[in-house]
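A quick write-up on the structure given underneath.
The values are calculated or read from the model by the stated rules, or taken from the named source; none is laboratory data. Quick caveat, the model's predicted, so the values are computed rather than measured. Cβ: placed from backbone, ideal geometry, glycine included. Neighbour counts: every protein chain shown.
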Amino acid sequence: MRQFCFRISFFGERMPTLIRVVALGIDAMANGKVDFFNDTGGYGFIDTDDADEDVFFHMEDVGGEDLTEGTEIEFDIEQAPKGPRAKNVVRL
């Protein structure tokens, strides 16, 4: 099953307008670069064109050595309670 996240905007009193559709889950590998990484906390954020905001990740979803800012990665996007989260992160 493929999941999607929709972003809808309301402009004045006009009808809602679909702004962006982002595919979520295994069928939707996204690409991006590490924008920020906190090595003490083991978490960071990814800059990607596949989401409207930076995507959170935790090292438990990466494995191996810490990521550094600017590292290119591929990942799945899941919708978490606080926003998009990267899973299955792979260094490119």
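Output the number of residues of segment 60-92 satisfying the condition of being more than 10 Å from ALA30 (Cα to Cα) and β-branched (Val, Ile, Thr).
Looking only at segment 60-92, we keep the residues that are more than 10 Å from ALA30 (Cα to Cα), and these are 60-72, 78-85, 87-88, 90-92.
Checking which are β-branched (Val, Ile, Thr) leaves us with 62, 68, 71, 90.
Number satisfying all stated conditions: 4.
Cβ-Cβ under 7 Å, sequence separation 6+ or interchain: first residue in segment 38-56 and within 17 Å of ALA80 (Cα to Cα) and modelled with pLDDT of 95 or more, partner in a strand (DSSP E or B) and of a type in the set (Ser, Thr, Tyr). Which pairs?
PHE56/TYR43
Can you tell me which residues in segment 63-81 are at pLDDT 90 or above and either assigned to a strand (DSSP E or B) or farther than 11 Å from PHE37 by Cβ (or both)?
GLU72, ILE73, GLU74, PHE75
Looking at (1) surrounded by 14 or more Cβ atoms within 10 Å (Cβ to Cβ); (2) at pLDDT 80 or above, which is the one condition that is false for GLU60?
Every condition holds for GLU60 apart from (1).
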